[in-house]
There are 2 protein chains.
Amino acid sequence: MSASFRFEVLQKDTGTGARCGRLHTPHGTVETPVFMPVGTLGTVKAVGQDDLQALGAEVLLGNTYHLMLRPGEDLIRSLGGLHRFMAWPRALLTDSGGFQVFSLAKARKVSDQGVLFQSHLDGSPQLLTPERSIAIQEALGADIIMAFDECPPSTADRAVVEQALVRTTAWLHRCAAAWSRGPNALFGIVQGGLDVGLRRRHVEEVCAVELPGYALGGYSVGEAPERMHASVAQVAPLLPADRPRYLMGVGTPVDLVQAMAAGVDMFDCVLPTRCARNGLLFTSTGRLVIRNAAYARDGGPVDALCSCYVCRTYSRAYLRHLFSTREVLALRLNTLHNLHHYLELMRSARAAIAAQRFAAFAADVVAREGPAGPETDEGLAED
Amino acid sequence: MSASFRFEVLQKDTGTGARCGRLHTPHGTVETPVFMPVGTLGTVKAVGQDDLQALGAEVLLGNTYHLMLRPGEDLIRSLGGLHRFMAWPRALLTDSGGFQVFSLAKARKVSDQGVLFQSHLDGSPQLLTPERSIAIQEALGADIIMAFDECPPSTADRAVVEQALVRTTAWLHRCAAAWSRGPNALFGIVQGGLDVGLRRRHVEEVCAVELPGYALGGYSVGEAPERMHASVAQVAPLLPADRPRYLMGVGTPVDLVQAMAAGVDMFDCVLPTRCARNGLLFTSTGRLVIRNAAYARDGGPVDALCSCYVCRTYSRAYLRHLFSTREVLALRLNTLHNLHHYLELMRSARAAIAAQRFAAFAADVVAREGPAGPETDEGLAED
């Protein structure tokens, strides 16, 4: 494990599997459980790095697939790495590109070597292998980098999923071999769909490789939220308790509290940012569609219980006006609010864990949000 | 004159007609010469009110034509007025809608009564008269409101211009009669194209009406900048020296220093904000097209002499990447930089006036920017 990366569990909730922890990275510490805003192309869409610091974000996610195509990892490395390129002084995590290759690329040919695909931008041929994914991620220089995995569709046959697990394990060994063990902490990824037996077997294979952290991939790809919750509840506790556990691409506030109860420490999802840009706002009493005519003359804040800059400053009527007239500011203000909602949810969750009342906290979130959130889909992993 | 509105001249440059002053408004004082960012629909496109306060903007402009259509002055009044609606605690100025009616509306019929036009949004019929323009502006509640004028095309025959002047004068008297003389200070507008004789005659007619301030309209509508500079140099000094002089819809940095030398105190223009959204950045050494390939690997700031948040934080390479990938953040960062450039230009101009060195300052700006800026046109008055 990298000397500059360390995880410590600080507190455990006795009634659930939830825990508070701290990730020590070369770019500062990260309190867990943590939500990581998605900054696909080196920017969390519609907000600035000043905004993200003010919101209290401690770690952002970047997408290898997108950044290798534009502006390219060589350019970013030559300018000092992704932190410096995007002027983000705190921690960064990059995904491996695997998920995007399987969901975004125009045509792809998967072999044991890797994935040959066409860029969704210009159709240019690109080869992504475990070795190249690690090389790109080390060039970008994120504090946490992810193994290159095969993410089969949620509708795949068991035989296809099993084949993907064999390949993902083989690729994990190649990623670990290619990894320079420098300042970038490599996390392995467990796949296996909703089949707990397959997940259990893959946890053993992945965790046999000693790594600074482990992730669960292949969730929130179209299945009912309850099925995901049930699977994560069984699988997350199988991951090593002394390593951070990262549930990739998830999810709604309800998904997050359910997974935290199972001991998950890290999350990312485009839901708060993408919903914001579509005018869907998260509040303490559920969701709000800001373009609704009901808000045209509503001088109150989006959420009377919210302390964010937007709720302290602007009315629903003003936000509706901005959204209705397609003003650019609508995107930033809506995004600021939704990200604050998510980051505040995590702050409250950590406080609830520390106070040994996480079960009650989670039940309250479920009651306020409703049992299921808006449908998530494959597209949600790329903002 | 409104008791809550007061203008004082603080210093005069002896070498030119430039002067420093202070506008006292119900929403704070404004140091002049001042540049007013244009917030057409109750938002300066792509930046927040937090950004504008941080930039040091002391007064913003709103557009009566746009706001009467969306969200409507009744809605804004019912929510406490435009300041409160957009959460802007400092001064506001609204135009009369005249310019937009003549340049934007789909079809219009001008009579002595006013202008009957179709909304550019939905074709709905609308009537704007001097009385209605004042009523809308008082409903919006800006600190400075403008008389409803007829703005003839720059290519109009002298007879057409003369007819417009007669109507504008008649409408000014109706505006002054309709004006409640409350907290909203009414400014008159002088028209007359590039004909100094017509301008001189209209100055006399307009300034015969005792008002808190006077503006020059109908410039920067397609004429060569040098012709505008020459005309403004002759006309601006004819306006009362103890009232603020406002040159509407102008202009480039060179336009601004030329007009300041003639004694103009107030400016607005969409140039910095619109150029920003198109990737054209103002710098101390001229203009920069951020999408140029030359900046792809340029780790330096947009302007090494600029102290704005963008130049302190981000590289040209990052800004080019954001612009090239059409990221929303590009719009905000480019706008922040260009507005800072303009507001800093005004701060430097005020310092130069106070130090009795405005002529040298103006010559320096002209040398750095080049004699003429990018072409301006009628569209520039609506951002």
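Each listed q (0.11, 0.16, 0.19 Å⁻¹) maps to a log10 I(q)/I(0) for region B:276-369, found by the Debye formula over equal Cα scatterers with no solvent: -0.34, -0.64, -0.84. Within the protein assembly as shown, DSSP assigns beta bridges of which about 50% are antiparallel (rounded to the nearest 5). Using θ = phi - 60° in the Karplus curve 6.51 cos²θ - 1.76 cosθ + 1.60, the 3J(HN,Hα) couplings for region A:203-211 round to 4, 5, 5, 5, 6, 5, 8, 6, 9 Hz; x is entered for Gly and Pro.
By the count of neighbouring beta-carbon atoms within 10 Å, fewest first, A:25, B:129 end up ordered B:129, A:25. With the label put 7 angstrom out from Cα along the Cα-to-Cβ vector, residue A:15 ends up 7.6 nm from the copy partners, going from closest to farthest. Quantify how much of the Cα-Cα distance distribution of region A:1-149 extends past 19 Å, in percent. More than 19 Å apart: 56 percent of the Cα pairs in region A:1-149. By the rule of a second cysteine Cβ within less than 4.7 angstrom, chain A holds isolated cysteines at A:20, A:151, A:175, A:207, A:269, A:275, A:308. The alpha-carbon atoms of region A:315-368 define a convex hull whose volume equals 81 cubic angstrom per residue.
Could you work out how far helix A:158-178 tilts from the main Cα principal axis of chain A, as a 0 to 90 degree angle to the nearest 10? Approximately 80 degrees, to the nearest ten. Ignoring aspartates and glutamates fewer than eight residues from residue A:106 along the same chain, the ones with Cα atoms less than 16 angstrom from its Cα are A:122, A:378, A:382. If the chain linking residue B:10 and residue B:224 were pulled fully straight, counting 0.36 nm for each residue of separation and taking away their Cα-Cα distance, it would gain 73.8 nm. Each residue in A:180, B:133 was given a count of other beta-carbon atoms within 10 angstrom of its own, and listing them fewest first yields A:180, B:133.
Inter-copy label distances for residue A:204: 10.3 nm (label point placed 7 Å from Cα along Cα→Cβ; shortest first).
Computed from backbone phi, the HN-Hα couplings of region A:349-360 come to 4, 5, 5, 5, 5, 4, 8, 6, 9, 5, 4, 5 Hz, rounded to whole numbers (Karplus: 6.51 cos²θ - 1.76 cosθ + 1.60, θ = phi - 60°; Gly and Pro given as x). For region B:242-256, backbone phi angles converted through the Karplus equation (6.51, -1.76, 1.60; θ = phi - 60°) give residue-by-residue couplings of 8, 10, x, 10, 10, 9, 7, x, 10, x, 6, x, 5, 4, 5 Hz, Gly and Pro being listed as x.
Beta bridges assigned by DSSP with both partners in region B:115-219 are antiparallel in approximately 35 percent of cases.
Residue B:59 sits among other residues whose Cβ lies under 11 Å from its own Cβ, and their net charge, with Lys and Arg +1 and Asp and Glu -1, is -3.
Cross-link partners for residue A:45 among the lysines, with Cα-Cα distance under 20 Å and sequence neighbours closer than 8 places in the same chain left out: B:45.
Partners of residue B:12 within straight-line reach, counting aspartates and glutamates whose Cα lies under 19 Å from its Cα and excluding those fewer than 8 residues away in the same chain: B:31, B:242, B:265. Springs join every pair of Cα atoms under 10 Å in this Gaussian network model of chain B, and among B:239, B:121, B:82 the largest mean-square fluctuation is at B:121.
Here the convex hull built on the C-alpha positions of the protein assembly as shown has a volume of 158 cubic angstrom per residue.
Per residue of chain A, the DSSP helices (runs of n ≥ 4 H) give a summed -39500 (n - 2.57) that works out to -12000 deg cm²/dmol at 222 nm. Other residues within the sphere of radius under 13 Å centred on the Cβ of residue A:347, judged by their own Cβ, net out at -2 (K and R +1, D and E -1). Tilt of helix B:130-140 relative to the longest C-alpha principal axis of chain B, in degrees (0 to 90, nearest 10)? Around 50 degrees separate the two axes.
Label-to-label distances for residue B:313 across copies, nearest first, come out at 1.3 nm, using points 7 Å from Cα in the beta-carbon direction.
Out of B:18, B:351, B:233, any idea which swings most in a Gaussian network model of chain B, alpha carbons joined below 10 Å? Highest fluctuation of the listed residues: B:351.
Each 10 Å bin from 0 upward holds the following percent of the Cα-Cα pairs of chain B: 5, 25, 34, 25, 9, 1, 0.
Each value in this text was obtained by applying a stated rule to the coordinates, not by laboratory testing. Note that the structure is a prediction, hence the values are computed from the model and not measured. Here the Cβ is made from the backbone with ideal geometry for all residues, glycine too, and neighbour counts use every protein chain on show.
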